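K.L.:
Let me give you the structure first, and then I'll get to my questions.
The values are calculated or read from the model by the stated rules, or taken from the named source; none is laboratory data. The structure displayed is predicted, hence computed values, not measured ones. Don't worry about glycine lacking a Cβ; one is built from the backbone with ideal geometry, like all the others, and counts go over all protein chains shown. Surface areas here come from the heavy atoms of the whole protein model, side chains and all, with no ligands, DNA or RNA. Shrake-Rupley method; radii C 1.70, N 1.55, O 1.52, S 1.80 Å.
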Amino acid sequence: MLKNKINILFICPYPVGQSPSQRFRFEQYFDLLRSKGYYYEIHPFFTLSTWEILYTHGHSIRKIFGVLNGFMKRLLLLPSLWKYDFVFIHREASPAGPPWLEWVIAKIFWKKIIYDFDDAIWMSDEFTESNLLKVLKWRQKVQQIIKSSWKISCGNQFLKNYASQFNKNSFLNPTTIDTLNLHKSPRSLNFDKKDKITIGWTGSHSTIKYLEIVHPILFSLSSKYKNVEFIIIANAKPTILLERLQFIEWSLLTEIEDLSKIDIGIMPLPNDDWSKGKCGFKLLQYMALGIPCIGSKVGANIEIVNDGINGFLCSTEEEWFVALEKLILDENLRSFIGSNGRSTIVDKYSVQSNEDNFLKFFNL
């Protein structure tokens, strides 16, 4: 470690390169930090082997040991805290219990915490959640961490409004896309006339349930238009039933290639406070690749999409059907919306456009 450099400790839940939340909120800025002379270390809670089984059935003993190992690693981190100038904490230092490590960092070592979150993690979207899980998750720690932190990095305005109640140094730091090195081949620039149109969705096991919101619309479209196909890219198989549906298991290696098979990207959400905490990541990915998108009119989607210009926003089943049908039938509209969407990402939601905003968190 070079003593003349500013030293940053990144504390996060998941292994490097595995979680979209981490990849698109801070990991993709590592090259920038190095180029500016910063030194950093990253300490995930879960190992890769634990992460790979964490949301699968079974493996209870391995999961328990994986969690215990995570807590042990947090304890072993304590002696080295003195050497860091800043501690960037994404979501939480540990997935269960009170924020003891955050308290130690702020109150014992007097380190400047930059607290980053991109969901309404002070609440849950599981209405049937058990009391035991509520106690284990200890969601009130979000408020406690915000109060103890130096600066707060918020994924959208709804999250910033919440954080600002407890810490005036709360700033908007949107989830961004690397349009130069990753999402770099916009579909809208080479739309070919084609017989088949593919409606696609990408997400995880935790968000795949939201497809039920548009299932009746997709079913109606599949019956009316035999040239319409569907792709779902996720780490869990979908439960909705549609003709001409292809499931693609999400892979980091083929992420962009798989997304590029989509002609129309969708992001349905319920209109509730949990959804208002979402940062529109699916829309950002579609738009960065020039894929025309449609999202529910809620939360950050409203901040990202200019309805009818760079995408469509829908509140009712009728609006969803009309928007999807327009894009299915009009190749020029798909190209127009896709091209405008790409421009929006490059100008407002790209890594390059947000570099100064990210670096300000490490300025005294």
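K.L.:
Take the range 320-336 and flag every residue that is in contact with a Leu (Cβ under 8 Å, 6 or more places away or on another chain) and either under 11 Å from Leu221 (Cβ atoms) or of a type in the set (A, V, I, L, M, F, W, C) (or both). Working first, answer last.
P.N.:
Within the range 320-336, the first condition is being in contact with a Leu (Cβ under 8 Å, 6 or more places away or on another chain), and the residues that meet it are 321, 324-328, 333-334.
Hits for the range 320-336 are Phe321, Leu324, Glu325, Leu327, Ile328, Leu333.
K.L.:
Residues being more than 17 Å from Asn156 (Cβ to Cβ), in contact with a helix residue (DSSP H, G or I) (Cβ under 6 Å, 6 or more places away or on another chain) and in a loop (DSSP other than H, G, I, E, B): count how many of those fall in the range 99-122.
P.N.:
3
K.L.:
Got at least one residue in the range 266-274 being part of a helix (DSSP H, G or I) and open to solvent by 40 Å² or more (accessible area, probe 1.4 Å)? Let's see the steps before the verdict.
P.N.:
Of the residues in the range 266-274, the ones part of a helix (DSSP H, G or I) are 273-274.
This time we only want the ones that are open to solvent by 40 Å² or more (accessible area, probe 1.4 Å), so: 273.
Yes, the range 266-274 has at least one match.
K.L.:
Pull up the range 130-142, narrow it to residues that are touching a residue at least 12 places away in the same chain (Cβ under 8 Å) and not in a loop (DSSP other than H, G, I, E, B), then point me to the one that is most open to solvent (accessible area, probe 1.4 Å). Reasoning before the result, please.
P.N.:
Restricting attention to the range 130-142, the residues satisfying the condition of being touching a residue at least 12 places away in the same chain (Cβ under 8 Å) are 136-142.
So of that shortlist, the ones also not in a loop (DSSP other than H, G, I, E, B) come out as 136-137, 141-142.
Working: Leu136: 85, Lys137: 61, Lys141: 6, Val142: 5 Å².
Ranking the candidates gives Leu136 first.
K.L.:
Oh, and also: Please identify the pairs in which a residue from the range 62-74 that is under 15 Å from Gly97 (Cα atoms) and among the β-branched types (Val, Ile, Thr) has its Cβ atom under 8 Å from the Cβ atom of a residue that is assigned to a helix (DSSP H, G or I) and open to solvent by less than 70 Å² (accessible area, probe 1.4 Å), counting only partners at least 6 apart or on another chain.
P.N.:
Val67/Thr50
K.L.:
State yes or no: is Gly299 open to solvent by less than 10 Å² (accessible area, probe 1.4 Å) and either among the polar types (S, T, N, Q) or closer than 28 Å to Ser206 by Cβ (or both)? Working first, answer last.
P.N.:
On the way: open to solvent by less than 10 Å² (accessible area, probe 1.4 Å): no; either among the polar types (S, T, N, Q) or closer than 28 Å to Ser206 by Cβ (or both): yes.
Taking the combined requirement at face value, the residue does not satisfy it.
K.L.:
I need a count of the residues in the range 218-255 that are closer than 19 Å to His205 by Cα and touching a residue at least 24 places away in the same chain (Cβ under 8 Å).
P.N.:
13
K.L.:
Working only within the range 93-110, note down all residues that are over 13 Å from Ile145 (Cβ atoms) and touching a residue at least 24 places away in the same chain (Cβ under 8 Å). Outline the logic, then answer.
P.N.:
Of all residues in the range 93-110, those over 13 Å from Ile145 (Cβ atoms) come to 95-96, 108-110.
Selection gives Pro95, Ala96, Phe109.
K.L.:
Give Lys237, Lys261 a once-over and let me know the one that is outside any helix (DSSP H, G or I) and surrounded by fewer than 15 Cβ atoms within 10 Å (Cβ to Cβ). Step through it out loud before you land on a result.
P.N.:
Numbers: Lys261 fails: surrounded by fewer than 15 Cβ atoms within 10 Å (Cβ to Cβ).
Answer to the selection: Lys237.
K.L.:
Return the residues of the range 88-129 that are open to solvent by less than 30 Å² (accessible area, probe 1.4 Å), β-branched (Val, Ile, Thr) and modelled with pLDDT of 95 or more; say none if nothing qualifies.
P.N.:
Ile89, Val104, Ile105, Ile113, Ile114
K.L.:
Evaluate the following for Pro95: is it in a loop (DSSP other than H, G, I, E, B) and on the phi < 0 side of the Ramachandran plot?
P.N.:
Details: in a loop (DSSP other than H, G, I, E, B): yes; on the phi < 0 side of the Ramachandran plot: yes.
Spelling it out, Pro95 is indeed in a loop (DSSP other than H, G, I, E, B) and on the phi < 0 side of the Ramachandran plot.
K.L.:
Quick one: how many residues across the range 77-87 are open to solvent by less than 60 Å² (accessible area, probe 1.4 Å) and either part of a loop (DSSP other than H, G, I, E, B) or touching a Leu at 6+ places or on another chain (Cβ under 6 Å) (or both)?
P.N.:
Of the range 77-87, the ones open to solvent by less than 60 Å² (accessible area, probe 1.4 Å) are 77-78, 80-81, 83-84, 86-87.
Still in the list and also either part of a loop (DSSP other than H, G, I, E, B) or touching a Leu at 6+ places or on another chain (Cβ under 6 Å) (or both): 84, 87.
Residues flagged as open to solvent by less than 60 Å² (accessible area, probe 1.4 Å) and either part of a loop (DSSP other than H, G, I, E, B) or touching a Leu at 6+ places or on another chain (Cβ under 6 Å) (or both) within the range 77-87 amount to 2.
K.L.:
Anything in the range 312-364 that is aliphatic (A, V, I, L, M) and either open to solvent by 40 Å² or more (accessible area, probe 1.4 Å) or farther than 24 Å from Thr176 by Cα (or both)? List them, or say none. Even if it seems obvious, please write down each step before you answer.
P.N.:
If we filter the range 312-364 for residues that are aliphatic (A, V, I, L, M), which is where we start, we get 313, 322-324, 327-329, 333, 337, 345-346, 351, 359, 364.
If the condition is that a residue be aliphatic (A, V, I, L, M) and either open to solvent by 40 Å² or more (accessible area, probe 1.4 Å) or farther than 24 Å from Thr176 by Cα (or both), then Val322, Ala323, Leu324, Leu327, Ile328, Leu329, Leu333, Val346, Leu364 are the ones that fit.
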